[in-house]
Structure formats: structure tokens, C-alpha cells
1. Could you tell me which GluC sites (Glu not before Pro) in the range 55-115 are loop residues by DSSP with no more than 11 other beta carbons within 10 angstrom of their beta carbon?
2. Relative contact order, percent, of the chain when contacts are C-alpha pairs under 8 Å separated by at least 6 residues?
3. Return the loop-located trypsin sites (Lys or Arg not before Pro) in the range 1-45 (DSSP other than H, G, I, E, B) with at most 11 other Cβ atoms within 10 Å of their own Cβ; answer none if there are none.
4. Viscosity 1.002 mPa s, temperature 20 °C: Stokes-Einstein D of the chain from its Kirkwood Cα radius, in µm² per second?
5. Out of the range 58-131, which trypsin sites (Lys or Arg not before Pro) are coil in DSSP terms and have no more than 16 other C-beta atoms within 10 Å?
6. So which aspartates and glutamates can Lys115 reach, going by Cα to Cα under 12 Å and dropping same-chain residues fewer than 8 places off?
7. What are the lysines whose alpha-carbon lies under 17 Å from the alpha-carbon of Lys37, with same-chain residues fewer than 8 places away excluded?
8. Using 7 Å Cα-to-Cβ label points, what is the Thr76/Lys44 separation (nm, one decimal)?
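Bear in mind these aren't lab numbers, they're just calculated from the coordinates by the rules spelled out. Not measured: the values here are computed from a predicted model. Cβ placement follows ideal geometry from the backbone for every residue including glycine, while neighbour counts extend to all protein chains displayed.
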Amino acid sequence: MKYSAKYSQLVMPQDTNILGTLFGGKMISWMDISAAKVAHRCLKDVEADSIVTRAMESIEFREAVQMGEWVNFESTVITVGKTSFNIKVEAYAESIGGEKRLACSGIFTMVSVCKNEDGTFKSVEHGLNLS
Ligand SMILES: CC(C)(COP(=O)(O)OP(=O)(O)OC[C@H]1O[C@@H](n2cnc3c(N)ncnc32)[C@H](O)[C@@H]1OP(=O)(O)O)[C@@H](O)C(=O)NCCC(=O)NCCS
């Protein structure tokens, strides 16, 4: 079974850097949310409170995104472990007029967790199988 999710954001003035294009930290934050969206879908019938981000890798900023453009995120679970999901996130910038280009990509590792009473997390098996 394929697990994927879509998510979009409009680049507003407060999202930009001093050059007036999308701030990289904001982009990563949105990619993290996009990865969380698909990971949440994987938690059906699982005794986990939620998922948390454990690692990010291969983040690549390919093209700048301008203020006023949309960013359309596509996240897909590519591999699973016992408690973890590896999720590929691709961020496509969409110009006014609808032209799309791959602006950023990365791999996010999310872990299914239960929350301890002291606010820390305990990883829990998600039982998910991609086949
Ligand atoms: C998530 C957390 C509970 C996991 O702790 P843990 O029980 O010690 O488990 P580990 O981190 O050793 O391993 C959990 C999974 O992550 C994987 N993992 C660990 N380090 C990793 C890394 N650097 N890169 C990719 N995967 C990694 C492990 O292989 C394991 O996967 P598996 O169970 O599918 O085999 C703990 O690390 C934590 O609370 N981290 C902070 C999370 C956080 O605050 N995120 C930001 C807010 S969302």
C-alpha cells in the first residue's frame, strides 16, 4: 500500500528572508508538517499518541521561491522500520499562472511515540508494512 499526502502554503511577506524569497527555515518547517501529515495517516489502529521528527537528511534547496507563489508539498512513505517511517518530501513552487518547479526536497524520519507523564516520548511499534 502506498501512503502519501499533499499540503500547500502561500508564501506571505512574513515567510521571507532579507532577499525577499522564501526563508529556508520556513520551508523546512512546512516540509516537516507535510511529512507529519502522511505519518499521521499511517497511525490508524496503532496505539501511539502521535509521531515526532527524529531526523532530517538530504535537504536540498534547488530553486528560490518568490513571495506570492504557492508551495505544493508531496510527501510519500518510502521505507518503514519498527517504530520509524522514512518519508520523502518534495516541495514544488507554483508561479502565478500555474507553472510548477521542484524547489526543495528531503528525507524525514518520523517515529511513532507515546507521551510519558514527564513530557518525554517513548517510541512505540507502528506495525506498518508497505507491501
Ligand atoms: C523519538 C524518540 C522518542 C526515540 O527514542 P528511542 O526510543 O531512544 O529510539 P531511537 O531514537 O533509538 O530509535 C527510534 C527509531 O529511529 C531510528 N533512528 C534513530 N536515529 C536515527 C537517525 N539519526 N536517522 C534516522 N533514523 C534514526 C531508529 O533506527 C529507530 O527506528 P526503528 O524502530 O524503525 O528501527 C527520542 O529520540 C525523542 O524523543 N526525540 C526527540 C523528538 C522531538 O522532540 N522532535 C521534534 C518535535 S516533533
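1. Values: sites: Glu57, Glu60, Glu63, Glu69, Glu74, Glu90, Glu94, Glu99; in loops: Glu63, Glu69, Glu99.
Qualifying residues, ordered by number: Glu99.
2. Details: 292 pairs, mean separation 38.5, N = 131.
Taking the mean separation of contacting Cα pairs over the length of the chain, I get 29 percent.
3. Working: sites: Lys2, Lys6, Lys26, Lys37, Arg41, Lys44; in loops: Lys2, Lys44.
Those satisfying the criteria are Lys2, Lys44.
4. Diffusion coefficient, whole number: 139 µm²/s.
5. On the way: sites: Arg62, Lys82, Lys88, Lys100, Arg101, Lys115, Lys122; in loops: Arg62, Lys82.
Answer by residue number: Arg62, Lys82.
6. Glu47, Asp49
7. Once the sequence-local lysines are set aside, what remains near Lys37 is Lys2, Lys6, Lys26, Lys88.
8. According to this spin-label approximation, the distance is 2.0 nm.
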